[in-house]
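See below for the structure under consideration.
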Amino acid sequence: MKVKAPGRVNIIGEHTDYNDGYVLPFAINRYVEVEIEDSEFYRFYSETLNECIELRELHKTGTWVDYIIGVIFSFENRGYKIPPISVKINSNLPIGGGLSSSAALEVATAFAISKKFGFDIPNFEMVNVAREAEMNFVGVKCGIMDQFVSIYSRKDFAIFLDTKTLDFKYIPLRLMGYEMYIINSKVKHELSFSEYNVRKEECEKILAVLGKRSFRELKRSDLNLLSGFLKKRAQHVIEENERVLSAVEQLIKGNFKKLGELLYESHESLRYLYEVSCDETDFIVEYLKAKEGILGARMIGGGFGGSVLVLAEVDRFGTIINSLIENYYEKFGIELEYYKIESSDGVSIL
Ligand code: ADP
Ligand code: MG
């Protein structure tokens, strides 16, 4: 049984997903493929990493295999029995680049297992099977967006998802005359993990100070009751949610110029209000901002490195990226990577 599941980008709505906010992701045309066969013992092979791990019994390994074992345990926690299997992985989705290879791996594994053994589990429950693997077994406190998108996406649509209610809507993503790219800064600063948790705590503190249960109850006027960095964090979340709503409108109208401006605004806000960007991604965004033919750009993901999403007019990016690669190398001594991205359907059986 062979299954492929896509990675994703989130057009806008950064650090809103754990604050009951809105996000606007779509699956991209890069995938993790998982093939499952019967086996006498557990055998996990990643062609991407060129690594094979064999186990007689399942336990936490502290390696990439935990994402797969976590999925097996998610099924077993629901009463399903899974005999030993051989799992083979192949992927053209960059690992750790903010395109959510981890969720793609979980989703592909979950669907391959479920199809092979004939489990009848609805898609919304498969989101949980995949997510629990990462959240409970691997131990990353991830939101629900990544697994959701990898399952529910449709080519030529973005998903406007309300992370509070899980209501969602498909928004047409017709990039006529425009293109999207991902530039990987190739840095991931130490801060990224600890500061992510600090931001979460700060957001809880904001709710405590204001006596609210959810960020969705916050109004702009509540900002007057806050000060210092808490005020800045709250302002980011409130305005980022507004930007998502506006981005949905712009996509529907086909107003890519305005959509681009929202990307730049989001980056500014992540840089100065939420304070999760870094010199490298700031450099990339600033460089692009000065170029004609680029409509917008912003850091994506948790921050302190990772990737930048770019919205460009068709045929303008090629020369700009070459000079950016040179300038970035001169300044940071690092060779940038970039990918053109297109939307994709969600998980599929091959
Ligand atoms: P992201 O999800 O942004 O790519 P994460 O750190 O959340 O980054 O997940 C990356 C992890 O997922 C890797 O360290 C590895 O454990 C696992 N992974 C992803 N793709 C593969 C693959 N092709 N082969 C083996 N492990 C993979
Ligand atoms: Mg991940």
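Every number here is computed from the coordinates shown, using simple stated rules; none is lab data. Please read these numbers as outputs of a predicted model, since none were measured by experiment. Glycine also receives a Cβ, built like all others from the backbone with ideal geometry; neighbour counts cover every protein chain displayed.
Computed values, structure above
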quantity: Sorted peptide list for 104-113, 198-207, 338-347, 211-220, criterion being average Cβ within 10 angstrom, highest first; calculated: 104-113, 338-347, 198-207, 211-220
quantity: Separation of alpha-carbon centers, segment 267-289 and segment 291-342, rounded to whole Å; calculated: 12
quantity: Two-decimal Rg/Rh across segment 216-350, once Rg and the Kirkwood Rh are taken from alpha-carbon atoms; calculated: 1.02
quantity: For segment 88-142 versus segment 156-171, the gap between their alpha-carbon centres in whole angstrom; calculated: 19
quantity: Within the chain, helix-based [θ] at 222 nm, where runs of 4 or more DSSP H residues each add -39,500 (n - 2.57), nearest 500; calculated: -13000 deg cm²/dmol
quantity: Cα-Cα separations in the chain greater than 29 Å, expressed as whole percent; calculated: 41
quantity: Helix 101-116 axis, angle to the chain major axis (alpha carbon atoms, nearest 10°); calculated: 30
quantity: Selection from 302, 221, 283 lying farthest towards where the dipole of segment 178-341 points positive, charges on Cβ; calculated: 221
quantity: Mean-position separation - Cα centroids, segment 192-264 and segment 1-16, in angstrom; calculated: 21
quantity: Directionally averaged projected area (convex hull, Cα atoms, segment 2-172), nm²; calculated: 9.3
quantity: Cα gyration tensor shape for segment 117-258, rounded if a/c is under 1.5, else prolate or oblate; calculated: oblate
quantity: Translational D in µm²/s for segment 97-192 (Stokes-Einstein at 25 °C, 0.890 mPa s, Kirkwood Rh from C-alpha pairs); calculated: 160
quantity: Degrees between helix 191-210 axis and first principal axis of the chain (Cα, 0 to 90, nearest 10); calculated: 70
quantity: Share, in percent, of DSSP beta bridges within the chain that are antiparallel, nearest 5; calculated: 90
quantity: Degrees, to the nearest 10: 256-272 long Cα axis against longest axis of the chain; calculated: 90
